[in-house]
Amino acid sequence: MAKRTKIKELLINPKIGVETNVKGWVRTKRGNKNVAFIAINDGSTIHNLQAVADLSKVNEDILKLVTTGACISVTGQLVASQGSGQSVELLVSDLEVLGEANPEEYPLQPKKHSLEFLREIAHLRPRTNTFGAVLRVRHAMIFAVHKFFNDKGFFNLHTPIITGSDAEGAGEMFRVTTLDPVNPPKNQDGKADFSQDFFGHETNLTVSGQLEGELGAMALSDIYTFGPTFRAENSNTSRHLAEFWMIEPEMAFYDLDDNMDLAEEFLTYLAQYALDNCIEDLNFLNERALEEEKNMKQEERSELSLIERLKFIVDNDFQRVSYTEAIEILRNSNQNKKKKFKYIIESWGADLQSEHERFLVESHFKKPVILYNYPKNIKAFYMRQNEDGKTVRAMDILFPGIGEIIGGSQREERYDVLKARIHEMDIPEESMWWYLETRKFGTAPHSGFGLGFERLMIFVTGMKNIRDVIPFPRTPGNAEF
Ligand code: ATP
Ligand code: MN
């Protein structure tokens, strides 16, 4: 019996006339009383293989079990296809049903299902063309992230998922505890006594690997993390997950400009990698997005298609604008004057909402924007303070349709300045002693940023909701699969 061949391999290098075995899941079966055409997909590629079963040669009872969703194994000769739509097909000499899928119950039928419905069957949705494509592109992007940094001599550092520091300040945290939830040991003021907890104090799931990443950079020069992060933010948006993956490079001897250069090069590289390595899946996703937009109002449609957007990123520089310049642009905009923003920009120091970010990217500059030098009061304690005493060396990269895709900064490397800022912001110094020590022993200027992997995936796949670019999304009220 022939050994199994993956459909992707067989299409790249078809061995016409050779007996071949293919295993996979049935997408469709059609035909007449003489012959059945079975479309099989094994996930290795967006393309199906057509198997042709001559009814005089295959067992009719077995063929009856070949329904959409069933798993089958087919063996036979590979031949050049007579019909259009495929280059080769397989003439079935042996057909085996490995797993039936009762058509009365199997929820995925060969028709369009809504993305909302597919989220309810996240255990089966990888078997659709759309999610097959998204998951293959997702893999390619993971691989590209590691390749980019490896080629540059960065080291991948695993930072902890359970963290004892609650000072990262990036969002609400999930508690990690083994204390009895009904009857926890209590201390004198009647509160749960976490000194008796598993780690001897309160712990949470990490919201960012940055602080530990900095420790790595102060020894290895250039590191990056790529791990899960958790934020218990109750923001039910199309761009927030409670569990998402983040890439956080951290570089010794980089200033803010070096940091922006690296971030831009990185995003450009990833877009180019997708175009070079995922074009079949991207073509499918491109068509699917165009189809989806047909039902939308003219003003809601994207000006560029998915593939055009990826090429645009590769071919154009990002626009770099200081926060101060951005505030002037926003203040003088018609949107602001006519009070069309929900949050009107009154004066310097205002925090930018996503409506402002989207205005800058989508209406004003019409290209990705890097905003830098933000007021220190709206940014984290660890960012390098500028000489003006008002701003810090922060930078956010804003993408069309997404808003913030990267947030980063040059880090405050001066011990006294950092310590003063920690006090100013009422962060308990004792929980930060190890972080402060890097500034005491061999401190160095350094910078880093965080890229939300699923925000990147929204950009690369053209999917509109972040729940549709991760296999099993975690959002408020949803952790079923
Ligand atoms: P936002 O304002 O969009 O909530 P943030 O300022 O909280 O973002 P950072 O703390 O700077 O974001 O995190 C770095 C990156 O992680 C962001 O640029 C974004 O790409 C991603 N990110 C942040 N929060 C989420 C989330 N809840 N789900 C998915 N990605 C996220
Ligand atoms: Mn946030």
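For this structure, a couple of remarks:
- Helices (runs of 4 or more DSSP H) contained entirely in region 238-338, each with at least 1 residues that are within 20 Å of the chain's Cα centre (by Cα) and surrounded by fewer than 16 Cβ atoms within 10 Å (Cβ to Cβ): 256-277, 279-294, 306-315
- Conditions (1) within 30 Å of M463 (Cβ to Cβ); (2) open to solvent by less than 30 Å² (accessible area, probe 1.4 Å): number failed by L95: (1)
- L256 satisfies every condition listed in (1) in contact (Cβ under 8 Å) with a residue 60 or more places away in the chain; (2) within 16 Å of G153 (Cβ to Cβ) except (2).
- Residue selected from region 100-130 under the condition basic (K, R) and open to solvent by 80 Å² or more (accessible area, probe 1.4 Å), by the criterion nearest to the chain's Cα centre (by Cα): R127
- Only residues that are at pLDDT 95 or above and either over 17 Å from P160 (Cα atoms) or more than 14 Å from ligand 1 (Cβ to nearest atom) (or both) were counted in region 206-238, giving 11.
Conditions (1) open to solvent by 30 Å² or more (accessible area, probe 1.4 Å); (2) within 14 Å of ligand 1 (Cβ to nearest atom); (3) closer than 30 Å to L135 by Cα, marked per residue:
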residue	(1), (2), (3)
W434	yes, no, no
F441	yes, no, no
A444	no, no, no
G450	no, yes, yes
F453	no, yes, yes
F459	no, yes, yes
R467	yes, yes, yes
P473	no, yes, yes
A479	yes, no, yes
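- L352, sole failed condition from (1) part of a loop (DSSP other than H, G, I, E, B); (2) in contact (Cβ under 8 Å) with a residue 24 or more places away in the chain; (3) surrounded by fewer than 16 Cβ atoms within 10 Å (Cβ to Cβ): (3)
- Of the strands (runs of 3 or more DSSP E) lying entirely inside region 369-481, those containing at least 2 residues that are touching an Asp or Glu at 6+ places or on another chain (Cβ under 6 Å) are 391-399, 403-410, 446-452.
The values are calculated or read from the model by the stated rules, or taken from the named source; none is laboratory data. These figures come from a predicted structure and were not determined experimentally. Cβ coordinates were reconstructed from backbone atoms using ideal geometry, including for glycine residues, and neighbour counts include every protein chain displayed. Ligands, DNA and RNA are stripped out before the accessible areas are found, and what is left, the full protein with its side chains, is counted by its heavy atoms. Shrake-Rupley method; radii C 1.70, N 1.55, O 1.52, S 1.80 Å.
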